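What follows is calculated from the coordinates using simple rules that are stated; it is not laboratory data. No experiment lies behind these values; they were computed from the predicted model shown. As a convention, Cβ positions derive from the backbone with ideal geometry for all residues, glycine included, and neighbour counts pool all protein chains shown.
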Amino acid sequence: MSALDVFYCGALMLCGALKVSQQQQIPAHDPTATETSSASSVSHYVPDKPCFVEDIFAALREGVGTDDDLTNFTLTQFGLCTASNSSSVLLQLAQETSRNQRNGLDVLHPFGVLLAEEDQRGVLILTFDLPQSPLLKQNPVLLLVFESRVTGGNLDVTFTSQSLDPDTQSVCISEETQYVTLTGKASDSDVPQKWRISVETKTPDMTQRLKDVLIGGKSGRDISMTPLLLFSGGRGTDIRYSHTPGSSLASPQTSFLCELQRFLGGVLSQDHPESPPLQLESLQSLPPLTLGLSSSDTLLAGLMNSSSPTIFSFTRWGSIHQVHHAALALSPALLEELKQRLETTVVQIMEVIREEEVGHRATERLGRLKQLSVSEEGASSRTGESQYRAFLLLKALQTVARAYEVQRGLRATRADPNSPVRANICGLRSLTVSLEKRLMSPNTANINNCHGSCAFPLVNANNHAVLLNSHIESENGEERAPCCVPVAYDALEVVDVNEHGTYLSIKPDVVAKECGCR
C-alpha cells in the first residue's frame, strides 16, 4: 500500500467504524498466524452514524455529576470497575468536555484491527495498526465501542499489553456497558506502530461471550466493535476529530444537529409500534424547498407560523465533514420575531420538561442547544449560521410543544367520564406509526385516527351524512352507514440535512386533526 493509499484509508475512517468480518482471514505474512488457531480482521467501514464521535463526547460531558465526579452509571457505561487510573484519566477528559467546550478532545482512528485466539490458553489477541501521528506522543485513552450490549451477566476481563499504562488493566462489562476504557502509554515516536493486547477472562464461557460481542458469534457480521483513541485537547480550540497530523475542527453546525438529535430522543416518546417502519418516499410530497440564504422572509415566516409537526432526516451523510454549512439571511424584523418566539418557546418547553419529569438531562441539552443557536460575540461571519440553527431549534421545539399538548388533551379526555371517548362517540384518537430508521429524530409520528360511532346526533356531519343517516333509519338498511373519518389534516414537514444543503419537504394530509361522520 502506498503512502497515498494509507492517507486515503485514514481519511476514510474519520468518524467511521471498524466492523468485524469473520470472512476475512489474516494475511499469510502476519506474525500472529503461527500462534493462533483462528483470526478475524477488521475492514474499513463508514457507518451511517453521523453523530458517532459526538455521542461519545456527550456521554463524557454528561457523565460528570453534581459533585464534579463520575457518576456510578458512567463508571458502568465505560466499563470501569472501581476508582482506578483509568477512571481518573477519564474523569479528566470528562471534566474538560463538561466545564469548557473550548477545550476539546483529539480523536485518532486505528487503520485496522486483527482479532485472534490462541490455541491453548483461550486468550483473545487484539492487534491495532495505528497511523503516523504526533498525537501518539501524548497519553491516549483507548475506547472500544460496542454496538451491542453484553447479555447473560457481568464479564470480568483483563487486558495486558506493553502499550498500556499500567501493562495490566481490569474492566467490568455489564449490559449497561457501551465502552471499554483503557489507558495507553505515550510513544516516543510518531511513526506508525502496532498495539498488541491480550484479552483474558476468568472462564471459557466468559471468553466466548466476549468474543460474541466482538465478532458477532454465530450471528456473523451484525455486531461490531469500534476502537478509537482519545487525547486531551487543551489547546483552546473546538472539539477535534483527528486522523492525521493537522486535525479538522468539528463545526458548531454538527454539534448542534447531534445535540438536537439527543434532545428530541430524550423528550419525545421513542416507543416504536410493532408495525414495520414506514418509508416517507411512499408519501406524496410538494416540491422540496431549499433552506438557505436564498429563502425568502415570506417562506420562513410561513414555516414559523405553521402548526405542522417537523421531523429531521440525515441522508447520504457518512462523514462529519459532509454536512452542508447552511445559513439564513433574515430581515431585521423577522430575525427579531424569531428571537422572541424562540425565547418564549424555550421557556414553555422548560416548564413542560419540569411538569412531565423528563429529567435534568433534557434541561441541560436544551440549554446547550440555545447556546449553540446564539451568535458568538464578534463572529459576524457566523451570524447566518446562527439564524439557521435558531430556526431549526424553533421548529423542533414547536413539534415538542405540539406533542405534549396532544398528550395532555388525550389524558384529559380519557379522565373525563362525560368525554366522547368514554361514550364511544366519533372523535380523534392517538395513532403512532414507526418511521424509517435513517431519520434523525423523532423516528415515530403521531398521525392520529378517528374512531367511534356515528349515531344521531351525528358529529361534524355534512348534508350528505345527515340525509344518508335519515335514509337508513327509514328502514333502508342496505346502504353504508355514515363512518367516523378524518375531515381535516395537518401536513408533515421533513427537514433533510445532507452534504448538498438543507431541504424542506412538505407531506400534505398526514396528521388527522378533526373527525366527522361521512
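Packing, taken as the mean count of other beta carbons within 10 Å per residue, orders the peptides 285-295, 483-493 from highest to lowest as 483-493, 285-295.
Show me the trypsin sites (Lys or Arg not before Pro) within segment 98-206 that DSSP assigns to loop and that have at most 13 other Cβ atoms within 10 Å of their Cβ. Those satisfying the criteria are R102, R121, R149, K202.
At an R0 of 30 angstrom, the distance between the Cβ atoms of N305 and R480 translates into a FRET efficiency of 0.15. Segment N463..T203, full-extension length gain: 85.9 nm, with 0.36 nm per residue of separation and the alpha-carbon distance subtracted. In summary, the aspartates and glutamates within cross-link reach of K185, defined as a Cα separation below 17 angstrom excluding same-chain residues under 8 places away, comprise D106, D129, D165, D167.
Multiplying the residue separation of Q162 and S148 by 0.36 nm and subtracting their alpha-carbon distance yields 2.2 nm. When each of the peptides 58-71, 167-180 is scored by the mean number of other C-beta atoms lying within 10 Å of its residues, the order from highest to lowest reads 167-180, 58-71.
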